[in-house]
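Step one of this worksheet: look at the structure below.
The values are calculated or read from the model by the stated rules, or taken from the named source; none is laboratory data. These numbers were taken from a predicted model, which means no experiment stands behind them. Using ideal geometry, Cβ is built from the backbone for each residue, glycine included, and neighbour counts are taken over all protein chains shown. Surface accessibility is based on the protein's heavy atoms, side chains included, excluding ligands, DNA and RNA. Shrake-Rupley method; radii C 1.70, N 1.55, O 1.52, S 1.80 Å.
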Amino acid sequence: MFRKSKKSSLLATCESFSLIAEDVEIVGNVIFSAGMRIDGRLRGEVLGRAGDATQSSLLVLTDKGHIEGKVCCHDALINGTVVGDIDVENRLELQSEARVSGSIRYRSLQVDVGAVIDGRMIKVDPHAVNVLVMEHEVTARTIKRVLA
């Protein structure tokens with residue numbers, strides 16, 4: 001009756017990770033493919049590139065990690081602090097130490113006991129075209145033009 005369901009791990013879906021270590025602070029935008037693990041602090045946007053059928057962007061923010069800025073990616077596992085909006089195309093996991101101040105857009109959501117959310121939560125229609133990916137690609141192009 002009270003059988004514990006098996007959790008599918010987002011971590012198993014990613015083969016490689018880039019790392020922002022605990023003693024690193026970055027001011028500026030970060031654009032990544034595949035996996036990104038953040039143990040440090042980041043002030044700026046965190047943008048995961050749209051992937052293909054075999055690999056998509058996965059952000060892992062550990063309990064030591066802190067982001068001030070917008071987050072946009074395919075999947076995210078958050079256990080740290082985010083001050084800014086989160087747009088996740090597919091699955092978002094907020095673990096027990098997660099602290100989010102900002103709007104959250106997601107398709108699938110898991111929230112563990114202890115996670116704190118201060119903002120709006122918007123469920124995206126699972127049958128909708130990849131709206132978040134299209135918005136992200138526009139943002140990424142805009143960033144490239146500004147940097148060029």
The condition of being in a strand (DSSP E or B) and either of a type in the set (Lys, Arg) or within 19 Å of Ser16 (Cα to Cα) (or both) holds, among Leu59, Leu109, only for Leu59
Quick count over the stretch 67-91, residues being over 18 Å from Asp39 (Cα atoms) and of a type outside the set (Lys, Arg), is 6
Residues that are part of a strand (DSSP E or B), open to solvent by less than 50 Å² (accessible area, probe 1.4 Å), modelled with pLDDT of 95 or more and not acidic (Asp, Glu), drawn from the stretch 91-105: Leu92, Leu94, Val100, Ile104
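Select from the stretch 23-36 the residues that are surrounded by fewer than 20 Cβ atoms within 10 Å (Cβ to Cβ) and on the phi < 0 side of the Ramachandran plot and list them in ascending order.
Hits for the stretch 23-36 are Asp23, Val24, Glu25, Ile26, Val27, Asn29, Val30, Ile31, Phe32, Ser33.
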Do we have Gly48 as at pLDDT 95 or above, touching a strand residue (DSSP E or B) at 6+ places or on another chain (Cβ under 9 Å) and open to solvent by less than 70 Å² (accessible area, probe 1.4 Å) here? no
